[in-house]
Structure formats: structure tokens, C-alpha cells
Amino acid sequence: MYLTHSFMSDEKKQSSQPPLILVVEDHDDSLLLLSYALELLGCRCICQNESYTTLLVAKEYQPDLILLDILLPGFNGLDIVRALKREPLTCNIPVVAVTALAGREEKERILRAGFDDYISKPYMLEDLEEMIWRLLDDKFETYSALEICHES
């Protein structure tokens, strides 16, 4: 009976675990800001400031979502998203472009490359939160960032 209860508790813990988000951003300040914002939203995150190992990290950790800068040294975000969408282990992970490229043509090019969504810098925390909730559906329960700020 104890083993069954223990197993069920572990299973419940796993199903209620906050979503894991892989963040790839080469500017340390932006990376830190995103990690704080995701923590505030109740997410866990893996942060990378270079692009070379993104595919390997995504395959190994199977994040629920990837936030990917476009203008990265080495492999750019467009190359990375194409590789992620070709790989069977990562093709179903939603990938969001987080970029300063804000023009309509750039947005269309980014979405055509395989990104699931797009958010331009600078962004509002509420916009980031809405996008994450929309893409991750019911993978986590959390308070709105505005509710948390009002409680403080």
C-alpha cells in the first residue's frame, strides 16, 4: 500500500511540475530578464547564451517551449528553428522568436521559417505571459503576473 501511495504521489508531482522553457539569448541582460519573468510566471527554465548546442539541449531536456532570439552569433535563430522542426524529438515543441526585428516583412519571414509565434523586444510581461499560456494551454496553473504584483 505504501509503495502504491508513494508512486501515485510521484506521478502527481510529475504531472503538476511547472513547464520547462529553454531560453536562447546572447545578451546577458535580456537572458536574465527573461529568466526572472519566467520564474515570476511559475516556469522553470534552461538559459543559454550561445546557439551551438541548442538542438542537443532541446533533444535531451525536451522543454515544453523554446524562446529563441533571432540574431545570434554562429547559428542564427532561423537556422536553429529549421533544425528543431526537422528533428523528430523536437519538431512538436513550440518555438517563439524573441527579437528586435519588428517589421512586418521580418515577422512573416520568421513565421515562415517555422516559428510558432513571435514577440518583439521590448515586450510587456503581460504579452509574454499571454503567449506562454496560449502555447502551453493547461501545462501549469499560476497566478497572473498582475495578480502577483498587486499582492506584493
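The values are calculated or read from the model by the stated rules, or taken from the named source; none is laboratory data. In this text, all values refer to a predicted model and were calculated from it rather than measured experimentally. Here Cβ is always computed from backbone atoms with ideal geometry, including for glycine, and neighbour counts include all displayed protein chains. We work out accessible area using only protein heavy atoms, side chains counted, and drop any ligands, DNA or RNA first. Shrake-Rupley method; radii C 1.70, N 1.55, O 1.52, S 1.80 Å.
Of all the criteria given as (1) over 11 Å from the mean Cα position of the chain (by Cα); (2) surrounded by 10 or more Cβ atoms within 10 Å (Cβ to Cβ); (3) modelled with pLDDT of 90 or more; (4) not polar (S, T, N, Q), the one not satisfied by residue 24 is (1).
Against the conditions (1) out of contact with any strand residue (DSSP E or B) (no Cβ under 8 Å at 6 or more places or on another chain); (2) closer than 17 Å to residue 123 by Cβ; (3) modelled with pLDDT of 95 or more, residue 56 satisfies every one except (2). Evaluating residue 133 against the criteria (1) modelled with pLDDT of 90 or more; (2) part of a loop (DSSP other than H, G, I, E, B); (3) within 18 Å of residue 18 (Cα to Cα) leaves one unmet condition, (2). For segment 63-98, the set of residues classified as in contact with a helix residue (DSSP H, G or I) (Cβ under 7 Å, 6 or more places away or on another chain), under 22 Å from residue 43 (Cα atoms) and not hydrophobic (A, V, I, L, M, F, W, C) consists of 64, 69, 90, 94, listed by residue number.
Can you name every residue in segment 86-110 that is open to solvent by less than 80 Å² (accessible area, probe 1.4 Å), modelled with pLDDT of 95 or more and under 22 Å from residue 128 (Cβ atoms)? Outline the logic, then answer.
Residues of segment 86-110 that are open to solvent by less than 80 Å² (accessible area, probe 1.4 Å), as a first pass: 87, 90-91, 93-103, 106, 110.
Filter once more, keeping what is modelled with pLDDT of 95 or more: 87, 90-91, 93-97.
90, 93, 94, 95, 96, 97, listed by residue number.
Yes or no, residue by residue, for (1) in contact with a Cys (Cβ under 9 Å, 6 or more places away or on another chain); (2) without any contact (Cβ under 8 Å) to a residue 60 or more places away in the chain; (3) more than 14 Å from residue 114 (Cα to Cα):
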residue: 48; (1), (2), (3): no, yes, yes
residue: 57; (1), (2), (3): no, yes, yes
residue: 62; (1), (2), (3): no, yes, yes
residue: 67; (1), (2), (3): yes, yes, no
residue: 75; (1), (2), (3): no, yes, yes
residue: 85; (1), (2), (3): yes, yes, no
residue: 90; (1), (2), (3): no, yes, no
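Applying the criterion of being in contact with a Ser or Thr (Cβ under 9 Å, 6 or more places away or on another chain) and part of a loop (DSSP other than H, G, I, E, B) to the residues of segment 26-62, the residue that is nearest to residue 109 (Cα to Cα) is 26.
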